[in-house]
Structure formats: structure tokens, C-alpha cells
Amino acid sequence: MKKLLLSGGTVINVFTGELEKANVLIYDTHIVGVGDYTAEDADLVEDVTGKLICPGFVDGHIHIESTMLTPAELTRVCLPHGTTAIVADPHEIANVCGKAGINYMLEMSEGLPMTVYIMLPSCVPATPFDESGAVLTADDLRPFYANRRVLGLAEMMNYVGVVAGDPDVMEKITDAHAHRRVVDGHAPLLSGRSLDKYLLAGIRSDHECSSPEEAKERIRKGQWVMIRQGTAARNLTGLLPLFDEPFSHRCLLVTDDKHPADLIADGHIDSIIRAAGKAGKSVITAIQMATIRAAHCFELQNVGAVAPGYKADLLIRDDLETVAVRDVYCAGKKTVENGKILPFAEPVAKDENRKTVLNSFFIDPLTKDDFRISESGSKCRVIRIMPGQLLTDEWITEVDRDRDDGIDVARDILKLAVVERHMHTGHKGIGYINGIGLKKGAIASSVSHDSHNLIVIGTNDADMVVAANRILSMGGGNVVAADGKVIAEMPLPVAGLMTTAPAAEIAEQNRRVRQAVHALGAPETVEPFMNMAFVSLSVIPSLKMTTQGLVDVNTQTRVPLMINDVSR
């Protein structure tokens, strides 16, 4: 093994926030010295004069499935942007394929130059209202803790169960603590005494904060706050006050759910750092959030800094403000050179897990009758999307059921359907949605958090049928239909969530389906497929649609679509 000297650079010290002129000596996978080392101390010398030496970025919470890319292809996208590690929650594929899905993600991410840590899915299914492809108990999860890359229990979305002390929920949390692992949170808008009960369970973090007040309460009570900036959920602007002390030392940066077109166009964690800098916040503080803070949150030893004994995950950067990355080292090995990723070997999943994820649809072809609304009443509940948020609210209004079964394009009241696809039950929830903005046609997807049933939104039943049935024939994906035919599509054959296609190809498909939806009237400010994907997630307030109908998330009860008495 040879010693490598990075000579002439300036180190970004994430412990103090200082910029220090120093050479960095690397032996094998770790840093052995930072200071006045010379060529005599090394076998190889890399001249980085005038460059910055920075720790590699860590995304503290991401769903690989939401990027629609395999772990290897995501590595090819993220490494040139400086991300050397991610903390992934595979609960999307676990909701579809159970333990086989988790095994698939572990196998497909083993040995990659970008380290992929795993948090075990805590809520499969997310709530009793969800019909997923699997149910994972504490007994199912326990063996996975033997894997060195499993850091803990992922976002505990069932905050109602935690507060109530549900035995099954508490067993999963207790198991994580017994294995000396961390537990992530997911409790939007929870506050006061209910938040106290949630935190008593030992839940360390939350990525659902949307306001400074909400986030500051979490920090004051000891939680880490993950500042999220993804495709649909863009919380950075609202949480900019957290970049100031005394709050910044308890924050890290995450993407959560980000589509491939956005990753390629904008970047990854580096894009959040740039945006914070442009908003007037300290770039050094943002880098600390993206490195050492993330490492501390997950109790990662010797990760996230340029210091003796730390893993040599390093970036060679041209400047501070643009976060432009020239070279990347992962565990002391150069993986990106002059902005271009170097070749690496791809892992392969076991046959049984690969076959499971490639055969995940069990549903009959649909007809217009499947989208008819059977309930009656003088008024109806409409799910209303909140721009830039995963939160929704309830709009009670009148609809003309004798005209297009209540669809009212002029008022942006479109039809919404969620159809069960895992167990061949035929269950479906049908209602109305506002905020997508389609003027004609329909869109459909197999990405529907977290159970990933088939979801369809449309201006008419005929196009909804076309879009939905194309999803079935592809084995999953995103589809746009109008005038009785498919006008754009994006196949996602891996559990209906991902593809093995190259990132550039899938990003182009991603861009085309977006353009097709915008051409049908949806505003450019709306990311239709990402917004649609969260309409069925019954753990984020306040009104969501499941295969069993509408759910009031705040009370965790089913509510009727059509109503007569609005006094309630």
C-alpha cells in the first residue's frame, strides 16, 4: 500500500469553520496526517495548489427508489457532485417486495465507491389504511442489523402509534436501540406534549419540518433537523434561519425524494449548499451540515472531516461558492477526475431477489366503470395540494355529478383514483383533487407512496383507463395520455419504482413526461408526478387517498368523499 500526498491545497476544517493551508497525507483508506508533510513522506504526490480540500458530502436521508435509478447509476450521478455517502431508506421497495426488496438494495449497493448506508424500513405498511405488498415485523427486520451498513431504523412515520405506545411499533424501536443503532423520525406538525411522548421513544431526527418554529422546537428538545430540498418538498427557503446559531449545529442536509432530471440538471447535496450561499447564508456552515453534522447524527465514526484517522472521502474543489468539484476520492481511491467519474465494477443481486422485484404487478386491466364514483351527497371533499409541500388540505365544495361525474376542469377539480396492485384484491379509492392543473388528458403512475399502488389523475375516465392500463403492460412507470392514446411514458420495471437504464436516458424520459403534462395545462411550477406520488401517503397531513378511500391523517380515520352535513 502506498502513501498519497495532496500537496498545496487549502483544507476546509469542519470542526472550526476555518480554511487552513495544509497538505494531506493518505495511507490506504484513511487520512494519516494534515500539516507540513512533504514529498519525502509519500510515495505519490498530487498537486492541488490553489484548490480546496473538503470532506465528501453525506445525504442523510434519501430514498434511492425516488431517483428511479439503481444504486450504481445513482453513484455515477452523485459522485461528480461530491456526494461520497448516502443514508438510504429502502421502504419504497420494501412496501412492494418485502424482505426481498431490502436484500436487493443491499446487494445492488455493496462495494460501490459511494458508500450506501441503509436504515431499515419502520412502517411496512405505513398505516393500517395502506395495502402494500408486504408486512414487515420486528422479527423480520432483526436479522438485517448484522449488516455493517445498516445504521438503524428509518423514519418512524407512525407517530400516532408511538405516542399511543403501540406494542408492535415500540418493539421495532426497542430492537434498534438494543443493537446500538439510531432511530429516525417523521412527525410533521407534531408539537408540545405529543412531541414529548414521541421523543421519549428515543427518536433522534426529523426531515418533515416546514417552518422555523417547528424546527426550532425539535432542536430545543434534542432532535436533529434534516433540512430537505428535493423535487416536490422544497423546505430550504422556509428553514434558512436554521443556518444561524444556536441551531445550525443540530442540522444536516437531505434530498429525501429527488427525480433524475433534477439531479442531472441541478446537482445533489451541492445544489443545496449553493442555494444556501446564494440566499446569504454561510457556505462553510452548509458544508458542515453536509459532512460532520450528518456523521454525528448517525454516529458514524471517523467520517465527515479532513483530519487524522478519518476516512479519506475527499473532494478537490475549485472554489467555495460554486461548490464546483474537480476530483473525488472515496476511501483514498480517486473515483472522479476532472469532473468525470472513473469506471467501477457493478454489484449483482441474487436471482431470487431480482426475479421478485421484476414481477410486482397483480391487477386486472381496468375499464371506465372502475373509475365511477358510487357515493352520493350534496357536497364533496377535495384533496388540495399545497405548492412546494407534501402537506395537503381539505376543500369542501359542490360538484356536478351529472356532468363528467363531478370533474370540473375550470375549477381544477380532477378525478383521482388509487387502485390496489399487490394482492389482486380489486380495492380502489376514488375521489377528487385540486392543484395539479391538467386541462385535458390523464396521468398515471406506479410510484405512490408508500405502498405504491396504481395512482391515476385525469380530466376524463377514458384517458384515465388508457394511462392506467399502459402502466400495467409496462410493469410499472409513469404515463401521460390524452385523446385516447399514450403521449409520453417512462418505464420503471424494477418493482414499478426504478429502471436499469442509464441515468441520462431516464432523465430524458423524466423530462419528457413532465413536458407532456405541462403541455396538457399543468403549471410549470407543479411537478405533477412527484406531487401525485404523495397524495396517497396517509402519514402526512391532512387529507389523503388510499385504496380504502379518503383518510383524515390528523385523526387517522376514514372519511366519506360525499357529504351532506358540513357543520361536523
Worksheet item: Average projected area of the Cα convex hull of segment 219-258, in nm²?
Response: 2.7 nm²
Worksheet item: Once label points are set 7 Å from the Cα along Cα→Cβ at both residue 504 and residue 333, what is their separation, rounded to one decimal in nm?
Response: 2.4 nm
Worksheet item: Please state the Cα pair-distance histogram of segment 298-360 with 5 angstrom bins from zero: what percent is in each bin?
Response: 4, 14, 15, 15, 13, 13, 11, 9, 5, 1
Worksheet item: Where q = 0.26 Å⁻¹, what log10 of I(q)/I(0) comes from the Debye formula for segment 203-276, counting one point per Cα?
Response: -1.18
Worksheet item: Tell me, which longest segment in the chain has none of the chymotrypsin sites (Phe, Trp or Tyr not before Pro) that fall in DSSP loops with at most 15 further Cβ atoms within 10 Å?
Response: 16-361
Response to the item:
segment 476-568 accessible area per residue, 1.4 Å probe, protein heavy atoms, integer Å², reads 36 Å²
Discussion item. Let me make sure I get this right: for segment 135-195, a, b and c are the square roots of the gyration tensor eigenvalues over alpha carbons, sorted descending. Under 1.5 in a/c it's rounded, otherwise prolate if a/b > b/c, else oblate. Which is it?
Written reply: prolate
Response to the item:
From DSSP H assignment alone, runs of 4+ in the chain each adding -39500 (n - 2.57), the sum over residues rounded to the nearest 500 puts [θ] at 222 nm at -7000 deg cm²/dmol
Fill in: Percent of Cα-Cα distances greater than 15 Å, calculated over segment 173-220
42 percent
Worksheet item: Mind checking the log10 I(q)/I(0) for segment 414-568 at q = 0.19 Å⁻¹? Debye, one equal scatterer per Cα, no solvent, two decimals.
Response: -1.16
Worksheet item: Could you name the lysines in cross-link range of residue 415, using Cα to Cα under 21 Å and dropping any fewer than eight places away on the same chain?
Response: 368, 379, 428, 439, 440, 485, 544
Discussion item. On the principal axes of its Cα set, how long, how wide and how thick is the chain? Give whole Å, largest value first.
Written reply: 85, 50, 47
Worksheet, complete the sentence: Counting only protein heavy atoms and rolling a 1.4 Å probe, one gets per residue an accessible area for segment 301-437 in Å² of 48 Å²
Practice prompt. Could you check how much of the accessible area of segment 414-537 is carbon and sulfur, as a whole percent, using a 1.4 Å probe?
Written response: 54 percent
Worksheet entry | Solvent-accessible heavy-atom area per residue, rounded to whole Å², over segment 14-104 at 1.4 Å | 31 Å²
Discussion item. Per 0.36 nm of contour for each residue apart, how much would the distance between residue 191 and residue 278 grow if the chain were fully extended, relative to their Cα-Cα spacing?
Written reply: 28.2 nm
Response to the item:
Sparse-neighbourhood loop hits (trypsin sites (Lys or Arg not before Pro), segment 261-364; DSSP loop; Cβ within 10 Å at most 14 others) -> 350
Item to complete: Quote the relative contact order of segment 29-157 in percent (integer), defining contacts as alpha-carbon pairs under 8 Å separated by 6+ residues.
Response: 21 percent
Worksheet entry | Hits among lysines - C-alpha to C-alpha of residue 281 under 19 Å, sequence gap 8 or more where chains match | 216
Worksheet item: DSSP beta bridges in segment 124-276, what fraction antiparallel, as a percent rounded to 5?
Response: 10 percent
Worksheet item: What is the ratio of the Cα radius of gyration of segment 89-145 to 2.2 N^0.38 Å, where N is its residue count, to two decimals?
Response: 1.14
Fill in: lysines with Cα under 19 Å of residue 333, excluding same-chain neighbours fewer than 8 positions away
2, 3, 51, 311
Worksheet item: Between residue 164 and residue 552, how many nm apart are label points set 7 Å from Cα along the C-beta direction?
Response: 1.5 nm
Discussion item. Defining a contact as two alpha carbons under 8 Å apart and six or more residues distant in sequence, what relative contact order in percent does segment 305-389 show?
Written reply: 13 percent
Worksheet item: What is the spin-label model distance, in nm, from residue 398 to residue 245 if the labels are put 7 Å beyond Cα along the C-beta direction?
Response: 6.1 nm
Response to the item:
Here the alpha-carbon Rg of segment 231-337 over 2.2 N^0.38 Å rounds to 1.09
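The values are calculated or read from the model by the stated rules, or taken from the named source; none is laboratory data. Nothing here was measured: the structure is a model prediction, and the numbers come from that model. FYI the Cβ positions are ideal-geometry reconstructions off the backbone, even for glycines, and counts take in every protein chain you see. Just so you know, the surface numbers come from the protein's heavy atoms only, side chains and all, with ligands and any DNA or RNA stripped out. Shrake-Rupley method; radii C 1.70, N 1.55, O 1.52, S 1.80 Å.
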